[in-house]
Amino acid sequence: MITEEIVNRCRNGDKEAFRELFMSIEKKALATAYHLSGNRGIAEDILQETYIKCFTEIQYLRNPQFFNTWFFRVLIRTGWEMSKKHSRLLATDTVAEAENKQTDSFLQGYEERYLVRNAIHNLSQNLKTVVILYYYNDMSIEEISQVLNCLKATVKSRLFYARTVLKKQLNEHFRMENCCREVSEKGWKTNG
Amino acid sequence: MDKRMEFDAELKAALKLDTSIYITSRDLFEEAWMKMQQTHTKSGYKNPIRRIILLAACFLILSFGTAMAVSADVRDAAIKVYEKIKTTFIVEREGDSYKIVEKTEEDTLRVVSFSSHSFTPSGAEFVKKKVGFNFYIPEKIGNDFWYYNSGLLLAVYDVKLRDVLKLEDKFQVAAADDETLQELSGFKTERCIGVRYYDANANYYILYIFSAKNKTGSDKESSWKEINKLNIEDIECTQYEYPYPVYENKILTYADRPIRVETKTAFVWEYEDKVYSLQGIRDADYSTVEKFVKGYIKEIKNQN
């Protein structure tokens, strides 16, 4: 639990207090950075940069209760900046999860998840962020509006639009995939 | 499950990550902390925490107990490593002049100050508990000086250089952590605060505040020289001259030796169980420093 005492210690430059504070959200933060950037290495850089900013900017955190919102606001902005910087260099990283998968059924599930995740990754920055915060971080519309510093209505419309785009993209993909499969099966039968 | 919920579940599942993603290839926190300290040192004292350390390093701290001034030896100086022998250079007074003296690990230093804890005036309550006295940090002194930053410091008196090198991190933590301070009970320690102000000409002044009740201090002779006694707002202020080591590099490193020694002026006064020691960071003329002292004393009196 994030207390006023621990945030005050951070404000006073207490390293151990920062460590304690960050420990409680590191996993979630790293995963969020990973979803934003699509790359594990960049995600680590984003998180590290976020930490550095927080060390110096915690003085501006008025209410310790809003630490999470404040932290994710810094993280998202840092994530946007750094992902943009690296966007020309790297494609979505799939290595992290693909390494240890062996069975066919798992691969099929993995492939589907990868397709959906890839579709999310290809969304515009604003839509992608809302999707990540809502579906991965389990934040409410209100919390997202605080993190992104925008109206709740804006979050709702972005979420609606993101769903629409994703459905369309994924439907098209599955339709195409079904067509390919049909052609392929017919071909196999013909050849057979 | 309706289609919308099904789709939502699909999105949620897609964003679930393998646990391996949480294992980082390096200690992000430690690296970040180190980078923050390095960046802020390189960029010219940007970080208040480091700034206070460096300021404390450059200046002398007053030991109020015997009204003697003492020097922040190690930070005044640079630690040099020749093979496995560590030495440091400190400034000592010799009659009316000063000399740079090399000290070994076995030598005792008058006082070394440590700090890793900056705070703002609004966050001063925590610090008041740590130092054990109340203090007031005005945002502005008259129309001439403005608050810049402040830090909680730990002064360690009569300490061997070897212990400083060995326990440096611990001393820093102890500046704000009671448990760690307790572990260091074998040393003569005292907490105090340092507050930095600046004027329109970008001159910086650092004001150290100690408890006058605490009698901890160094037994060694000080390098400070009493110059004058003044009466400002009915309070007796003592003016001191103290040595100011100048280094080739603006940023102090442990590998540097001072290239020369200049002198600076400090004002020291006691008021309501606290000892105040004002030291000009850069060159500032005497009348400006006096104006600061007058203004500050006035602010404290007004606050009461």
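A few points about this structure:
- Seen from residue A:16, the other residues with C-beta closer than 10 Å to its C-beta sum to a net charge of 0, counting Lys and Arg as +1 and Asp and Glu as -1.
- Basic side chains Lys and Arg get +1 at the Cβ, acidic Asp and Glu get -1 at the Cβ, and with that the dipole of segment A:1-90 about its Cα centre reaches some 360 debye.
- Taking A:139, B:34 and counting other C-beta atoms within 10 Å, the order from fewest to most: B:34, A:139
- The slack in the chain from residue B:287 to residue B:229, taken as 0.36 nm per residue of separation less the alpha-carbon distance, amounts to 19.4 nm.
- Rounded to the nearest 0.05, the FRET efficiency derived from the C-beta distance between residue B:25 and residue A:20 at R0 = 25 Å is 0.65.
- Averaged over A:15-26, number of beta-carbon atoms from partner chains that fall within 10 Å: 3
- Lys/Arg +1, Asp/Glu -1 at C-beta; segment A:1-90 dipole; positive extreme among A:17, A:47, A:82: A:82
- Within segment B:145-217: Cβ-based charge dipole about Cα centre, in debye rounded to nearest 20 (Lys, Arg +1; Asp, Glu -1): 260 debye
- In this structure, the residue pairs whose Cα-Cα separation is over 26 Å, taken from A:28/B:128; A:28/A:53; B:188/B:298, are A:28/B:128; B:188/B:298.
- Averaging the Cα positions of each part gives two centres, and for segment A:1-71 and segment B:120-142 these lie 26 Å apart.
- Residues A:121, A:35, sorted so that the one with the fewest Cβ neighbours within 10 Å comes first: A:121, A:35
- Exposure proxy for B:5, B:36: other Cβ atoms within 10 Å of each Cβ, ordered fewest to most, give B:5, B:36.
Values quoted throughout were computed directly from the atomic coordinates according to the rules given, and no laboratory measurement underlies them. No experiment lies behind these values; they were computed from the predicted model shown. All Cβ positions, glycine included, derive from the backbone under ideal geometry; neighbour counts span all protein chains shown.
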